[in-house]
1. Are there trypsin sites (Lys or Arg not before Pro) in the stretch 175-278 that DSSP puts in a loop and that have at most 13 other Cβ atoms within 10 Å, and which ones?
2. Could you please state, rounded to a whole Å, how far the C-alpha centre of the stretch 144-163 is from the C-alpha centre of the stretch 4-32?
3. Which residue, N293, N93, N321, has the most motion in a Gaussian network model of the chain that connects Cα atoms within less than 10 Å?
4. If contacts are Cα pairs under 8 angstrom and at least 6 residues apart, what is the relative contact order of the stretch 94-171 in percent?
5. Translational D (Stokes-Einstein, µm²/s) of the chain at 4 °C and 1.567 mPa s when Rh comes from the Kirkwood sum over C-alpha pairs?
6. How many angstrom lie between the C-alpha centres of the stretch 185-231 and the stretch 70-121?
7. Answer rounded, prolate or oblate for the stretch 39-138, using the Cα gyration tensor with square roots of eigenvalues a ≥ b ≥ c: rounded when a/c is under 1.5, else prolate when a/b is larger than b/c, else oblate.
8. Placing unit charges on C-beta atoms (Lys and Arg positive, Asp and Glu negative, everything else neutral), compute the dipole magnitude of the stretch 126-269 about its Cα centre in debye, rounded to 20.
Amino acid sequence: MICIRKHTIIDQHYLLFIHDDKICIGKNILNPKYVLPINLQTKLEWTFDKEKSQFQGFIIEWNNQKKQFHMSDQNCQELKSQIDGRILYNEINSQYYPIQIVGEGTFGKVIKVVSLIDRKEYACKVMKLDKKFSKNDIIYELMTMQSLNHENIIKIKEVYSSKSHFFIIMEYCRGGTLREQLAYRTLNQDQIVMIMKQILNAIIYMNSRGFIHRDIKPDNILLREQNDLSSILVCDFGFAAKVEDIVTKHPNCGTPGYMAPEVIKFDQTNPYNEQCDVFSCGSLLYSILTGYNLEMQSEESEIYNIEAQVYEEKQFTSINNQFKNILLKMLEPSPNQRITAKDAQKYFENFDLFLMEEMNSLDVIQKLKHISINKNNCHQF
Ligand SMILES: Nc1ncnc2c1ncn2[C@@H]1O[C@H](COP(=O)(O)OP(=O)(O)O)[C@@H](O)[C@H]1O
Ligand SMILES: [Mg+2]
């Protein structure tokens, strides 16, 4: 690629190429004048002509000075496609137009935006840097997302930053969250199995790459299209961590109501592992089957007590045996005895083949009764 630096007397033509995860700009390949590592510490600003809808080049910071380069629209797009999401861009307002807030989570807002480049809609997660949420936390979340490439996991398109904020551009999921779906309709067996298979797929993939999600719950499950449960995406990697980092990365994190007992009563001498995601999936399944928002319940009472919920929940008696059976396996308090994500996946794959003996609801209730989790304490009776 050729880029040009305009000077008053003579313009300099440079070669631009990517080598070893670095953008290199110079007169020759062997000794480039400017070398920019492609990572989330490096900033680049695109110059874009809004009227023509064309890129004109880019600006970088070099030795505390801004250096502007001109480049053809085609070359800019080519470069962009190679570094999108891997480097920080400046000036989100020059590329996106805000439409409306579509979600608000623990760490900030998610806004529907329209790209001035391709006119398509995207979601933009806005994260404010503050004491609660440091730059390192955000970079960790971004690097986690960068490492994951799976059909049921949301991907980063681009990352913008300003002095006080980070902006993550992602695919916009028209269908909203699973929480929103559960609020207005009851799902049938096939739909529930379809959802569980996709979430478990994402978790198995994450675990295989050494990551734990730690915040699986209906608000963090997105539907690509309206009312379409065949294409769902796990989002929100704010609490996700590499297994070896959990001790240093907020070991007690998660959402009360969906947190596994071993996360709540975190023990430094015996750190938990990826099995905690299976428990959260079990809570999510419970939430789908009964319509209960476990998060709300636990927020009110600071206690997650399945015993109380089951007794209150008349609907539970009408739940099919296969679901009751897997629910018990996923909500097993001891992580070593809890079913693994892979085995749970197999269970849902063969859901129709399992002809369960009639399970007495009272028996199930008796078994679930053994799980009672207090936010500050966890015990098995
Ligand atoms: N790609 C997306 N498309 C549509 N809505 C989204 C998207 N990402 C997030 N949201 C909405 O924003 C909410 C918060 O996003 P999330 O990543 O979970 O942030 P937080 O870490 O603050 O919980 C989600 O629960 C959902 O309602
Ligand atoms: Mg969230």
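1. Values: sites: R179, R185, K197, R209, R214, R224, K242, K249, K265; in loops: R185, R209, R214, R224, K249, K265.
Sparse-neighbourhood loop trypsin sites (Lys or Arg not before Pro): R185, R209.
2. 29
3. In this elastic network of the chain, the residue with the biggest mean-square fluctuation among N293, N93, N321 is N93.
4. Details: 130 pairs, mean separation 19.4, N = 78.
Reported relative contact order: 25 percent.
5. Working: Rh = 23.0 Å.
Answer from the Stokes-Einstein relation: 56 µm²/s.
6. About 26 Å separates the Cα centre of the stretch 185-231 from the one of the stretch 70-121.
7. On the way: a/c = 2.40, a/b = 1.29, b/c = 1.85.
Since a/c reaches 1.5 but b/c is at least a/b, the shape of the stretch 39-138 is classed as oblate.
8. Numbers: 18 positive and 17 negative charges, 64 e Å.
Rounded to the nearest 20 debye, it is 300 debye.
Every number here is computed from the coordinates shown, using simple stated rules; none is lab data. Quick caveat, the model's predicted, so the values are computed rather than measured. All Cβ positions, glycine included, derive from the backbone under ideal geometry; neighbour counts span all protein chains shown.
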